1. Please work out the ratio of the alpha-carbon Rg of segment 1-90 to 2.2 N^0.38 Å and round it to two decimals.
2. Using Cα centres only, tell me the gap between segment 124-175 and segment 1-46 in whole Å.
3. For a paramagnetic label modelled at 7 Å from the Cα of residue 123 toward its Cβ, which residues of segment 43-74 fall within the zone defined by backbone nitrogen distances under 16 Å?
4. Return 140, 2 ranked ascending by Cβ neighbour count within 10 Å, so the fewest neighbours appear first.
5. Residue 155 to residue 135: extension gain in nm, 0.36 nm per residue of separation minus the Cα-Cα distance?
6. Please state the relative contact order of the chain as a whole percent: Cα pairs under 8 Å, 6+ residues apart?
7. Have a look at 143, 99, 109 and tell me which one the Gaussian network model of the chain (Cα, springs below 10 Å) gives the largest fluctuation.
8. Across the Cα atoms of segment 74-158, what radius of gyration and what greatest pairwise Cα-Cα distance (Dmax) are found, in Å?
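What follows is calculated from the coordinates using simple rules that are stated; it is not laboratory data. Owing to the predicted nature of the structure, the values given are computational and were not obtained by experimental measurement. Positions of Cβ are backbone-derived with ideal geometry, glycine not excepted, and every protein chain shown enters the neighbour counts.
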């Protein structure tokens, strides 16, 4: 459990460190987000989840990314690196391929991906622990569904949708892999 807490805290601290660096150094790091279908923003697939427009944006992502990452690390320990990387890179690639012509930044794609993975793992794995986790995530984060709708122009609903799709793909790909708590 402590390993999952430490990794989740370290990742959350990294998000805060990147935001502080962006404020205290005269470099606009948000330029390294994803501007869809442009070759120069391909590195944005790697960097965009670390970037946030302001502290309100970062604060709104802090607890969900910490909590959902913790749940994946704790209950799906062996598959968590694969899930993390799949959600990160597949989600980013989908935004780069299909997003509207705007700069896409923030960890919310990861949040949607992690939540989607946890819910779809309950569906695909069909064991009591993964189903209970899925129910908990739906109860806590069921409102995320509205974030995949194009309701506000300044929110990357494409990032949310791409993250959710990447999470569902991850749940399917890793549905038969050991790695959740009962396998220890």
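1. 1.17
2. Using only Cα atoms to place each centre, the spacing works out to 21 Å.
3. No residue qualifies, since no backbone N sits under 16 Å from the label point.
4. Listing 140, 2 from fewest to most nearby Cβ atoms yields 2, 140.
5. Extending this stretch completely gives an extra 4.5 nm.
6. Once divided by the residue count of the chain, the mean separation gives 26 percent.
7. 143
8. Here Rg and the maximum Cα pair distance are 14.0, 43 Å.
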